[in-house]
Amino acid sequence: MPLFPNERNVRTTPEGLLWEPSERWVRGLKGDVTVVDSRHPVLVWEPDLPVPCYAFPREEVRTDLLRPAGKPTPGKHTGSRIFYDLEVDGELVENAAWTFPAADLAGHIAFEWFWRWSSGLDHWFEEEEEIFIHPRDPHKRVDAMPSSRHVQVEIDGTVVADTLRPVLLYETGLPTRYYVPREDVRLDLFEPTDHHTGCPYKGTAQYWTWRGEGDVPRNIVWSYAEPLPAVGPIKGMVAFYNEAVDIVVDGERLQRPVTPFTASLKS
């Protein structure tokens, strides 16, 4: 569950959902068709999911584009039993939307985002800014801070990065990530892959894999060529998974953290 420094507006349902109203204007599109146009969205956190989703008042949703799901998936969303298929211009998206069973959220409809189960709307906007993967958590901070710390990165005893001008990225709930200028990284020891990930706070990342021997996970190095403005200082810089490499900061070797990424790096 997320931690809320200010719980004044956060409410809990008997089903274990946390929710709060949002003042953002949110729109969701399928192709060129606006399916959601809401000035009264609600952010909802489901148990055991680290990020929120949006639910919208029914009157701010194009319900004429929804039909009862042909193959509903009960239990997928905290006991939800009512699911909808979405049909736009002849294209059918199964189980694109649902309603939560909580009385507090009666009259609201939630939609899938692509990061979860690969079905949902094509584009989401908060005000005039397009957002990706999932809604941004208002209780989460992401700060990119230039530093003069001495940061070294080692893989199996080989120094692969050494810099005195890193950017430290602090993200709520995750270990500090150390971004290193490319010219201070031995990128010749890595090869680019076709792996990409998206982040609603940072943008789209490209990845590299270790060329050497040893039990080193793939895609342990990444970079944001065009990060979102809020984390502009990391543009073009290179970061490593603390969970899979050894990082030394000002002569102190950091302990490898255990995070939600730890298990996935081993798979």
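The values are calculated or read from the model by the stated rules, or taken from the named source; none is laboratory data. The model shown is predicted, which means the values in this text are computed figures rather than measured ones. Cβ placement follows ideal geometry from the backbone for every residue including glycine, while neighbour counts extend to all protein chains displayed. With ligands, DNA and RNA removed, areas are computed over all heavy atoms of the protein, side chains included. Shrake-Rupley method; radii C 1.70, N 1.55, O 1.52, S 1.80 Å.
Rolling a 1.4 Å probe across the protein heavy atoms gives the chain an accessible surface of 51 Å² per residue.
When only Cα pairs below 8 angstrom with a gap of at least 6 residues are kept, the range 34-116 shows a relative contact order of 24 percent.
When peptides 208-215, 128-135, 178-185 are sorted by average Cβ neighbour count within 10 Å, with the highest value leading, the order is 178-185, 128-135, 208-215. For the range 64-157, the average shadow cast by the Cα convex hull is 11.5 nm², which is a quarter of the hull's surface.
Treating r as the C-beta distance of Thr193 and Glu130 and R0 as 30 Å, the FRET efficiency rounds to 0.70. Over all other residues within a Cβ to Cβ distance under 13 Å of Glu23, the charged ones net out to -1, with Lys and Arg as +1 and Asp and Glu as -1. Return a whole-number percent for the relative contact order of the chain, with Cα pairs under 8 Å and 6 or more residues apart as the contact set. After rounding, I find 12 percent. For the chain, carbon and sulfur atoms together expose 50% of the accessible surface, with a 1.4 angstrom probe and every protein chain in place. Computed extension gain for Val249 through Lys71, at 0.36 nm per residue and net of the alpha carbon distance, reaches 58.8 nm.
Give the dimensionless ratio obtained when the Cα radius of gyration of the chain is divided by 2.2 N^0.38 Å.
So the Cα radius of gyration is 1.14 times the expected 2.2 N^0.38 Å.
Within the set of other residues whose C-beta is less than 10 Å from the C-beta of Glu171, count the net charge using Lys and Arg as +1 and Asp and Glu as -1. Residues near Glu171 contribute +3 overall.
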